[in-house]
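The values are calculated or read from the model by the stated rules, or taken from the named source; none is laboratory data. Note that the coordinates shown come from a computational prediction; the quantities given were computed from them, not determined experimentally. Methodologically, a virtual Cβ is constructed for each residue, glycine included, from the backbone with ideal geometry; neighbour enumeration extends over all protein chains shown.
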Amino acid sequence: MRVIFTQTWVWEAALRRVCKEHQLYTPSYPIGAMSVEELRKAAIRPSLWRIRITERAQHGSDFQEKVDWEPQEKKRINLRVGSAVGSSDLYLVPGGRFLITGNSDALRLWDLGVPWAPSLRHPVLLAVARLGYPEVLQVEEHLMSIEAQVLDDRVVRVVVLTSRYRFVLLKLSWT
């Protein structure tokens, strides 16, 4: 029985199941290149997070006081996301590897590197979708917020709320 827990395929399957159950973006994990130990840790972390939150929070208590919200590790990335026109927004895709940035000109999808390794010195730009007038936005209209949903391993559906309270649906994809 113990031998089965040292098999790569067991942990690969477990990580894929965890990604599906917790709506994590599967490409955040380079599954084929991960060691058994990395696969195991990635597969059990969502459950450990839930257990830690549950242990520290008492029924009816204030989460802010009972839970230590500080991350175990902080990472810095060098990425300019501001815009000279309008506002900008960020959306971290569940899984922690991919970041969507947006301003009134464009949406950009960045690869920040795998969450458990040191941060990439410069994130990799994977895709750009133009938003500016007249492509998507109207005159004097600006981006207010971004939400996203993973459709498959190479496509992210993005919903943009504009300053005119209009929702714009876009897809970011890459090869």
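Take Val3 and decide whether it is modelled with pLDDT of 90 or more and out of contact with any Pro (no Cβ under 7 Å at 6 or more places or on another chain).
On the way: modelled with pLDDT of 90 or more: no; out of contact with any Pro (no Cβ under 7 Å at 6 or more places or on another chain): yes.
In short, no.
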| task | Being at pLDDT below 85, of a type in the set (Val, Ile, Thr) and under 23 Å from Glu21 (Cα atoms) narrows it down to one of Val85, Val67, Val114, so name that one. | result | Val114
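Quick check on segment 32-45. Is at least one of its residues surrounded by 11 or more Cβ atoms within 10 Å (Cβ to Cβ), within 26 Å of Val150 (Cβ to Cβ), polar (S, T, N, Q) and modelled with pLDDT of 70 or more?
First, pick out the residues of segment 32-45 that are surrounded by 11 or more Cβ atoms within 10 Å (Cβ to Cβ): 34, 36, 38-45.
Checking which are within 26 Å of Val150 (Cβ to Cβ) leaves us with 34, 36, 38-45.
Then keep just the ones that are polar (S, T, N, Q); that gives none.
No, segment 32-45 contains no residue that is surrounded by 11 or more Cβ atoms within 10 Å (Cβ to Cβ), within 26 Å of Val150 (Cβ to Cβ), polar (S, T, N, Q) and modelled with pLDDT of 70 or more.
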| note | Going through segment 108-142 in order, the residues found to be in a strand (DSSP E or B) and either within 21 Å of Arg76 (Cα to Cα) or not assigned by TED's automatic domain parsing to the domain that holds Leu161 (or both) are Arg108, Leu109, Trp110, Asp111, Val124, Leu125, Leu126
| remark: With the first residue restricted to segment 75-100 and required to be assigned to a strand (DSSP E or B), and the second required to be modelled with pLDDT under 70, Cβ contacts under 7 Å at 6 or more apart or on different chains are Leu90/Val81
| field | Per-region count, segment 133-163, residues among the acidic types (Asp, Glu), over 17 Å from Leu90 (Cα atoms) and without any contact (Cβ under 8 Å) to a residue 60 or more places away in the chain | value | 4
